[in-house]
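First up is the structure itself, then whatever we jot down about it.
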DNA sequence: GCGGGGCATTGACCTAGGTCAAAAGCCTAT
DNA sequence: ATAGGCTTTTGACCTAGGTCAATGCCCCGC
């Protein structure tokens, strides 16, 4: 059973739709769980037995072909919802990109609760619609953008998502942050190889739009120019 | 005002969630509208003032870059729902690929109605979740599949979508059908050029997996083999 | 401080698919 | 039937990004 009072995402997760007493009822159904980097929460193709809220950390949703090609089809940040309610099997796997903490529910219990709480369902619908819009924007990226446009878009996207997640969210984005993924995973989000990711990053660095103090860290030095590239203008 | 009694998609569209009296109330808010091929119902970036159910025909959802590259991010068939309820501006345009008939609602009216009808929202949520899964499958295609895998996947997908739409839905797919789009549009769905689409189609034809009696018509002659290619196995 | 295992970068080369241009079908209107 | 304007196909060539192979870098344990 979770303690929602101290929950870091209490006001941003779908739980925000609930009144205190309803929240208590939902809390009885869920439990907090730690996930370590690389750990898989749900396997692609398995029956989706759980749904969850992300409290801390970043996870990926990914799909693979029989011959081992992988595509990351979603990246999930704190306060985001994970899983496929009312569903059968999960069409993608869910794996932690960083150490993470999630608030897990069995799907059966969650589905039942959701059916009784239209406000929760409404919140979930809004989130799913947003997620769908984001997926579609990403389809444009994957179908039509060049490698440098993809990299620029990814950096800005992460900057924004981390920004709106961070506690001290005065700005809606961060100009300096740690990537929640390695080069291979960047490639898997962008439909590129690790080498292309690396080359494009050095290009942006040489053009002085970003700095890369170490493997994980990114400093955005010229957001305007980066946005221009990302928009494919 | 629509006459739902004779509606072709009465039992498959989200309206199926409603009892007869509720349906009557909803019908008062909507009206049937014909759309001719090429006509745009919603412009990318415009405030999304309408939502709709597709009664007949096929429409595309598409996104463009400033410099004119286009990506089709969704293809909508009869009984599917169009639009972004509870939203601000539409992140994609909606254009008819074939002549079509839709049942349109102003977003404001629909949103209001939906808020009062949890069953309708539930149905909408399920559909949106399905749509999201489909979008993610397509991200895998756009990010990681080869040209021939993409073409095979598209042909099978259309065969399935048209199959489950057709009245005489004994089989869940059709082995012979008219493409609801031209070569350019196939390219725009698949993230390919028109030339590549054409070349890959002739390859599949030469390998005797399909026949192409005319511009639009497709006959699937060896579904098994086509599926093997599509799965990227 | 030294060695080893991972990541990341860089370089040299290759290829799937893009680009550009021409030909071939096809519909429609005369 | 025939001309004109489409869409589609085919061909020749090019290039962005993939592949393969070093090399470099960083971190950690000894």
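Any read-out appearing in this document is the output of simple, stated calculations on the displayed coordinates, not a laboratory observation. Keep in mind that this is a model prediction, so the values were computed, not measured. FYI the Cβ positions are ideal-geometry reconstructions off the backbone, even for glycines, and counts take in every protein chain you see.
Here are some notes:
- Position residue B:147, label points 7 Å along Cα→Cβ, spacing to each other copy in nm (shortest first, one decimal): 2.0
- Residues considered: A:25, A:100, A:114. Largest GNM mean-square fluctuation over chain A, using C-alpha springs under 10 Å, is found at A:25.
- Against chain B, whose longest principal axis is taken from its Cα atoms, helix B:194-206 shows a tilt of about 60°.
- Between B:191, B:163, B:87, the residue with the greatest mean-square fluctuation in the GNM of chain B (Cα pairs under 10 Å linked by springs) is B:87.
- Projecting 7 Å from Cα along the Cα-to-Cβ direction, the label point of residue A:36 sits 6.6 nm from its equivalents in the other copies, listed shortest first.
- Projected onto their three principal axes, the Cα atoms of the stretch A:145-230 cover extents of 35, 25, 23 Å, largest first.
- Principal-axis analysis of the Cα atoms of chain A puts helix A:20-29 at an angle of about 80° to the longest axis.
- Cα centroid separation, the stretch B:214-233 to the stretch A:111-185 (Å): 35 Å
- The protein assembly as shown: C-alpha gyration tensor shape, a/c 1.5 cut-off, then a/b vs b/c: oblate
- Relative contact order [Cα under 8 Å, 6+ residues apart], chain A, whole percent: 19 percent
- The stretch B:1-114, relative contact order in percent, only Cα pairs under 8 angstrom and at least six apart counted: 36 percent
- Compactness of chain B, expressed as Rg and Dmax over alpha-carbon positions, Å: 18.4, 56
- Choice from A:109, A:66, A:27 showing the highest fluctuation, given a GNM over chain A with Cα pairs closer than 10 Å: A:66
- A crude spin-label estimate for the pair residue A:182 and residue B:43, with each label 7 Å from Cα along the Cβ direction, gives 4.8 nm.
- If R0 is taken as 45 Å, the Cβ-Cβ distance between residue B:8 and residue A:28 corresponds to a FRET efficiency of 0.50.
- Length gained on full extension, residue B:115 to residue B:227, computed as 0.36 nm times the residue gap minus the Cα-Cα distance: 36.1 nm.
- Distances in nm from residue B:203 to the matching label points in the other copies, shortest first (labels 7 Å along Cα to Cβ): 2.6
- Average Cα contact separation per residue, the stretch B:145-230, under 8 Å, 6 or more apart, as relative contact order %: 35 percent
- Across peptide B:184-196, the average count of Cβ atoms from other chains found within 10 Å of a residue's Cβ is 1.
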